[in-house]
1. Do the conditions hold for Glu133, that is, is it out of contact with any strand residue (DSSP E or B) (no Cβ under 6 Å at 6 or more places or on another chain), over 23 Å from Arg22 (Cβ atoms) and surrounded by 16 or more Cβ atoms within 10 Å (Cβ to Cβ)?
2. For region 103-125, name all the residues that are under 12 Å from the mean Cα position of the chain (by Cα) and in a strand (DSSP E or B).
3. Looking at Thr122 and the list (1) hydroxyl-bearing (Ser, Thr, Tyr); (2) in contact with a Leu (Cβ under 8 Å, 6 or more places away or on another chain); (3) within 17 Å of Ile47 (Cα to Cα), which single condition is not satisfied?
Amino acid sequence: MSKSTNKTGGFSKEERDAMRERDRELKAEARANKDRAAGESDVLAKIAEMPEADRVIAERLHELIKTCAPELAPKTWYGMPAYAIDGKIVCYFQGASKFQARYATFGFNDHAKLDEGVMWPTSFALQALTPVEEAIISELVKKAVR
């Protein structure tokens, strides 16, 4: 998440909204963990709510991830699409509109098996998905679940 831009040092409205969303997700998580279809339904509903630029990327990422790593279970995480193994988030998408950023983010959490040496990237800025980015993301997601 972005640092607060609130002058008082507290959380921004977007950050508070994301925390409330996460609280709702935690309550629904047990249901999604037991029912993969419920998790996917939640993800697709969140994607449908996104502005077009984010929605186009999120829809394509969702299809890519389902194809290259079907073992990942879709679920929402802070109101955004995420994909997990054993309830632990491996990768996620954060739309640019979430925190009024200039680009969307596709990232990996520490459960992703991307370790290379002592330093490696864990998130990527996305403004569009071309076949080049799709191929890179597909390979990273496959590696993350090995």
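1. On the way: out of contact with any strand residue (DSSP E or B) (no Cβ under 6 Å at 6 or more places or on another chain): yes; over 23 Å from Arg22 (Cβ atoms): yes; surrounded by 16 or more Cβ atoms within 10 Å (Cβ to Cβ): yes.
The answer is yes for Glu133.
2. Ala104, Thr105, Phe106, Gly107, Phe108, Ser123, Phe124
3. (3)
Read-outs: derived from the displayed coordinates by stated rules, not from any lab. All figures in this text were calculated on a predicted structure; none of them were measured in a lab. Neighbour counts run over all protein chains shown; Cβ positions are idealised from the backbone, glycine included.
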